[in-house]
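Below is one structure, written out as structure tokens; the observations come after it.
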Amino acid sequence: MKPSSTARRYAEAAFEVARRDGQTDEWVRDLARATEALVQPDAAAFFRTPDVSREDKLAAIDRIFGGMQPQVKNLLRILVSRQRIYLMPAILREFVALKRQAEGIAEAYVTVARPVDDSEEQEISRRLGEMTGKRIEIHTSVDPSILGGIVVRIGDKLIDASVAGRLQRLRQEMAV
């Protein structure tokens, strides 16, 4: 099974528990804290090495994350027991994505040919919100090679309204 689908399953289970308890914000905070600690080189090496017993790794979870919510510590214990603690960054990403989805928030990755000001960004966000029925958070990048217009990616949907994209489609139509 791909790590991303495994991480997704753990995140979905964790999200259900967090939502049931009304603690999604607390879970995000604790998962982020755990991920930050576990990606440190010393911690990553400690949890990865087979020379350290499972019991010592579980004891380390209790020591390092003593003030954390019990359910989050349980998730960490499960991941250590199954030798999957390396999934924490992906689990955090998936959990945050599930939380945003539940809140009706979508992320849009917008590419434009020139920098846009705040009012243009707000207008893009408003229009995309109307199209999707969601509140849109925009991440803008500038790529002069698109010549003009806009390219938007929301989830797995791509909207190419760039001049370069239109020219490419026109070339393809003329070649037929």
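The values are calculated or read from the model by the stated rules, or taken from the named source; none is laboratory data. None of the values given here were measured: they were computed from a predicted structure. Cβ: placed from backbone, ideal geometry, glycine included. Neighbour counts: every protein chain shown. Note: accessible area is taken over every heavy atom of the protein model, side chains too, but ligands, DNA and RNA are not part of it. Shrake-Rupley method; radii C 1.70, N 1.55, O 1.52, S 1.80 Å.
One table, with the values for the structure above:
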{"item": "Counted residues, segment 51-75 - those being open to solvent by less than 60 Å² (accessible area, probe 1.4 Å) and not polar (S, T, N, Q)", "result": "12"}
{"item": "Residue in segment 1-19 that is within 30 Å of VAL142 (Cα to Cα) and of a type in the set (Ser, Thr, Tyr) present", "result": "yes"}
{"item": "Long-range neighbours under 9 Å by Cβ, at least six apart or interchain, first residue more than 14 Å from GLU26 (Cα to Cα) and among the small types (Gly, Ala, Ser) within segment 89-101, second open to solvent by 30 Å² or more (accessible area, probe 1.4 Å) and not in a helix (DSSP H, G or I)", "result": "ALA97/GLU107"}
{"item": "Selected residue (only one of LEU87, LEU79 is open to solvent by less than 20 Å² (accessible area, probe 1.4 Å), modelled with pLDDT of 95 or more, farther than 30 Å from ILE138 by Cα and part of a helix (DSSP H, G or I))", "result": "LEU79"}
{"item": "Matching residues in segment 138-147 - criterion: being within 14 Å of GLU120 (Cα to Cα) and in contact with a helix residue (DSSP H, G or I) (Cβ under 8 Å, 6 or more places away or on another chain)", "result": "ILE138, THR140"}
{"item": "Scope segment 155-176; condition more than 18 Å from GLU120 (Cα to Cα) and assigned to a strand (DSSP E or B); matching residues", "result": "LYS157, LEU158"}
{"item": "Residue in segment 104-118 that is of a type outside the set (Asp, Glu), within 30 Å of ASP30 (Cβ to Cβ), touching a strand residue (DSSP E or B) at 6+ places or on another chain (Cβ under 9 Å) and free of Cβ contacts under 8 Å to residues at least 40 places away in the same chain present", "result": "yes"}
{"item": "Count of residues meeting criterion [in contact with a strand residue (DSSP E or B) (Cβ under 8 Å, 6 or more places away or on another chain) and either over 26 Å from GLU103 (Cα atoms) or without any contact (Cβ under 8 Å) to a residue 12 or more places away in the chain (or both)] in segment 127-149", "result": "7"}
{"item": "Qualifying residue in segment 12-23 (condition: among the β-branched types (Val, Ile, Thr) and surrounded by fewer than 16 Cβ atoms within 10 Å (Cβ to Cβ))", "result": "no"}
{"item": "Count - residues of segment 150-165 that are without any contact (Cβ under 8 Å) to a residue 24 or more places away in the chain and exposed (fewer than 15 other Cβ atoms within 10 Å of the Cβ)", "result": "4"}
{"item": "Matching entry among GLU137, GLU94, GLU107, GLU130 (being assigned to a helix (DSSP H, G or I), of a type outside the set (A, V, I, L, M) and surrounded by fewer than 17 Cβ atoms within 10 Å (Cβ to Cβ))", "result": "GLU130"}
{"item": "Pick from segment 10-46, criterion free of Cβ contacts under 8 Å to residues at least 24 places away in the same chain and among the hydrophobic types (A, V, I, L, M, F, W, C), ranking: nearest to GLN101 (Cα to Cα)", "result": "ALA13"}
